[in-house]
1. With a 1.4 Å probe and all protein chains left in place, how much accessible area per residue does the chain have, in Å²?
2. Of the listed peptides 57-65, 42-50, what is their order by residue-averaged count of other C-beta atoms within 10 Å, with the highest listed first?
3. Can you give me the pair-distance distribution of the chain, C-alpha pairs, 10 Å bins, whole percents?
4. Within a Cβ distance under 9 Å of Ala7, other residues only, what is the Lys/Arg minus Asp/Glu net charge?
5. Give me the one-decimal nm value for the distance between modelled label points at Val41 and Lys16, 7 Å along each residue's Cα-to-Cβ direction.
6. Where Lys and Arg each count +1 and Asp and Glu each count -1, what net charge lies around Asp54 among other residues with Cβ under 12 Å from its Cβ?
7. If each DSSP helix of 4+ residues adds -39,500 (n - 2.57) and the sum is divided by the residues in the chain, what number results at 222 nm, nearest 500 deg cm²/dmol?
8. Any idea what angle helix 3-12 forms with the longest principal axis of the chain, computed on alpha-carbon atoms, 0 to 90 degrees, nearest 10?
Amino acid sequence: MSKLKEAIEEITYRSKYFLERAFRTISENREEAIPYLREAVKYANDKRTEIDEDYQLHFYALYLLG
């Protein structure tokens, strides 16, 4: 698994810790990360009434895409 995919998995669900390494990896690979981040926002929108309350990737995706 690529470091980018690992980083995205790390920030997908709520954590007690700030995952600085994961955010740095995503930021350093922004162009490659964009499709994953867009998909996270789409997923959250499509599943908004069914989504796990610990799912956080869509929040981070909005920030990282901004």
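1. Each residue of the chain exposes 77 Å² on average to a 1.4 Å probe.
2. Put in order of decreasing packing, that is 57-65, 42-50.
3. Percent of Cα pairs in each bin: 22, 57, 21, 0.
4. Here the charged neighbours net out to +1.
5. Distance between the two pseudo-spin positions: 3.2 nm.
6. Working: positive: Arg14, Lys16; negative: Asp52, Glu53.
Residues close to Asp54 contribute a combined charge of 0.
7. After summing the helix terms and dividing by residue count, I get -21000 deg cm²/dmol.
8. The helix 3-12 is inclined about 30 degrees to the chain.
The values are calculated or read from the model by the stated rules, or taken from the named source; none is laboratory data. It should be emphasised that the depicted structure is a prediction, and the values quoted were computed from it without experimental measurement. Every residue, glycine among them, receives a Cβ derived from its backbone with ideal geometry; neighbour counts consider all protein chains shown. Heads up: the accessible areas ignore ligands, DNA and RNA and are worked out on the full protein's heavy atoms, side chains in. Shrake-Rupley method; radii C 1.70, N 1.55, O 1.52, S 1.80 Å.
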